[in-house]
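Comments concern the structure below.
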Amino acid sequence: MGFLENDDKYIIKTYNRTPIELVDGDGVFVTDINGKRYMDMFSGIAVNSFGHKNKKILEAVINQANKYIHLSNYFATEPAVKLAKILVENTFAKKIFYTNSGTESNEAAIKIARKYGRLKSPTKTKILSAVNSFHGRTCGSLTITGQKKYQVDFEPLLPNVFSFIFNDIDSFTEVVDGDVCAVFIEAIQGEGGIVEIDKDFIKEVKILSEKYDFLLIIDEIQSGIGRTGKFLAYENYDIVPDIVTVAKAMGGGFPLGAVLAGEKCCDVLVPGDHGTTFGPNPVACAAGYVVVEEALNEVLLAEVSDKGIYIKNKIQLISGKYPGIISEVRGLGLMLGINTGEYSSKIKEEAMDKNLLLNITAENIIRIVPALNISYEEINEFIKIFEEIIQNINK
Ligand code: PLP
């Protein structure tokens, strides 16, 4: 007997588990308790960007764990400072605040935004976010998540939060005014179905952020740290944000996130305003430094873009060969969505039989977010299995 039965018994059921018991991982592969090896095309939901058992990450983790695993925020730690320095030196950010997860990054950003606004006027507290967005599950970030289904049972949520339609500037101008302190937006909506932000739309929002003096906050928790072929996803667009929130990939599998804050707001929080016992964990930061250094590498970033285009082209060929199953493949770099409509669950199930792990988001989008260092050989293996599945469905 494995451990799945006891998972149901002892852990509050907030997730529907995949009925396999994974006991090992290696690169883009994971192995179950019976020795069956799967290729993982969603890498722990865009977390394991450099695969399992990555030698450099393991080495950094062991080195740091041999010194200390935790101190407290009464002390600065070398791994945290080293990681903050490389982040600031390579991005728009002037300073960062560390967290332990994506939702916490957004919670911290909400607090920065509210204080930024209130320092200017007591009524400048409005926050805007997009319909169909996803920013997390704690109460603040849940409020800015534009999906009613996640909110209803937990209302009342934060006051003074309003939504606009993603990529619709008319809808945006209806809700924006001088009382807005921040706009939260994903560069690519992840849970919303891999929907990319429109270049002109975000440029307009940037112009309005200057006119009305609000913070433009880009949530890159899923799309950041190299995933789109740029270190940060906003670099694909012609804007500079005031805040970028990151997490997921940054800790190499460890719980680690950050608020990257630009000039306008990097000194808004002062001692006593915000905190966390665990963040930044020194071991997570040591792993994070390896991840960030790798993800800043121009050669890797170019490869991420190329591999994304390669996968897109291959999927489009499959779509042409077996029409009526795949309606669209979209996204940037190695953050892709394949719309397989009503066939999505069947494709996912058949993939498991063929040793391939796929993830579905927004009901009918197969989300392809593999490790950034996936090889062409591995990509070809994925394409081969995927084509077999589509071919079977087509029969
Ligand atoms: N923001 C975005 C864009 C996300 O995709 C997610 C998680 O999927 C979050 C925030 C929340 O992150 P976490 O689950 O680490 O709290």
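Computed from the coordinates by the stated procedures, all read-outs in this text should not be read as laboratory data. These numbers were taken from a predicted model, which means no experiment stands behind them. As a convention, Cβ positions derive from the backbone with ideal geometry for all residues, glycine included, and neighbour counts pool all protein chains shown.
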Could you please report the charge total around residue 376, scoring K, R as +1 and D, E as -1 over all other residues with beta-carbon less than 13 angstrom from its beta-carbon? -2
Table column - 3J(HN,Hα) (Hz), region 99-108, Karplus curve with 6.51, -1.76, 1.60, x for Gly and Pro: 9, 10, 6, x, 4, 5, 4, 5, 4, 5
Let me have the relative contact order for region 94-220, percent, based on Cα pairs under 8 Å that are six or more residues apart. 25
With the contact rule set at Cα under 8 Å and sequence spacing of 6 or more, what percent relative contact order holds for the chain? 21
Please identify every one of the GluC sites (Glu not before Pro) in region 280-381 that sits in a loop by DSSP and has no more than 12 other beta carbons within 10 Å of its own beta carbon. 363
Using the 10 angstrom Cβ neighbour count as an exposure proxy, how do 135, 274, 52, 70 rank, fewest first? 70, 274, 52, 135
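When the dipole is taken about the Cα centre of region 198-337, and only Lys, Arg (+1) and Asp, Glu (-1) are charged at their Cβ, what size is it in debye, to the nearest 20?
Roughly 700 debye, rounded to the nearest 20.
As an exercise, find the ratio Rg/Rh for the chain from alpha-carbon atoms, using the Kirkwood inverse-distance average for Rh. Walk me through the numbers before you get to the answer.
Working: Rg = 21.1 Å, Rh = 21.8 Å.
Radius of gyration relative to Kirkwood radius: 0.97.
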In debye, nearest 20, what is the charge dipole magnitude of region 56-295 about its Cα centre with +1 on Lys and Arg Cβ and -1 on Asp and Glu Cβ, if you could check? 660
Would you look at the GNM of the chain, springs on alpha carbons closer than 10 Å, and say which of 125, 14, 340 moves the most? 14
Any chymotrypsin sites (Phe, Trp or Tyr not before Pro) in region 1-72 that lie in a DSSP loop and have at most 15 other Cβ atoms within 10 Å would be 3, 15, 68
For a Förster distance of 22 Å, can you work out the FRET efficiency between the beta-carbons of residue 148 and residue 15, rounded to the nearest 0.05? 0.60
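Could you sort out which of 56/203; 248/307; 55/307; 206/314; 82/120 sit more than 29 Å apart by Cα distance in this structure? Could the numbers behind the result be given before it?
Details: 56/203 38 Å; 248/307 21 Å; 55/307 23 Å; 206/314 35 Å; 82/120 33 Å.
From the list (56/203; 248/307; 55/307; 206/314; 82/120), the Cα-Cα distance tops 29 Å for 56/203; 206/314; 82/120.
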To the nearest 0.05, the calculated FRET efficiency linking residue 238 and residue 85 through their beta-carbon distance, R0 being 35 Å, is 0.80
DSSP-loop trypsin sites (Lys or Arg not before Pro) across region 287-362, with at most 15 other Cβ within 10 angstrom: 354
Please build a GNM for the chain, connecting alpha carbons under 10 Å apart, and tell me which residue among 226, 192, 337 fluctuates the most. 192
Quickly work out the residue 328-to-residue 170 label distance, labels modelled 7 Å from Cα along the C-beta direction, and quote it in nm with one decimal. 1.9
Want the number for residue 53 to residue 384: 0.36 nm per residue separation, take away the alpha-carbon distance, what's left? 116.6 nm
Explain nothing, just compute: Karplus ³J(HN,Hα) = 6.51 cos²θ - 1.76 cosθ + 1.60, θ = phi - 60°, for every residue of region 55-63 in order, whole Hz, x for Gly and Pro. 4, 5, 5, 4, 4, 5, 5, 5, 4
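For residue 377 and residue 199, compute 0.36 nm times the residue count separating them, minus their Cα-Cα distance, and round to one decimal in nm.
Gain on stretching residue 377 to residue 199: 60.8 nm.
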Residue-by-residue Karplus 3J(HN,Hα) for region 379-395, coefficients 6.51, -1.76, 1.60, Hz, glycine and proline x: 4, 4, 5, 4, 4, 4, 5, 4, 5, 4, 5, 5, 4, 4, 5, 5, 5
Quickly estimate the mean residue ellipticity at 222 nm for the chain, helices only: each DSSP H run with n ≥ 4 gives -39500 (n - 2.57), and the total goes over all residues, rounded to 500. -12000 deg cm²/dmol
Among 213, 40, 24, which one moves the most in a GNM of the chain with springs linking Cα atoms closer than 10 Å? 24
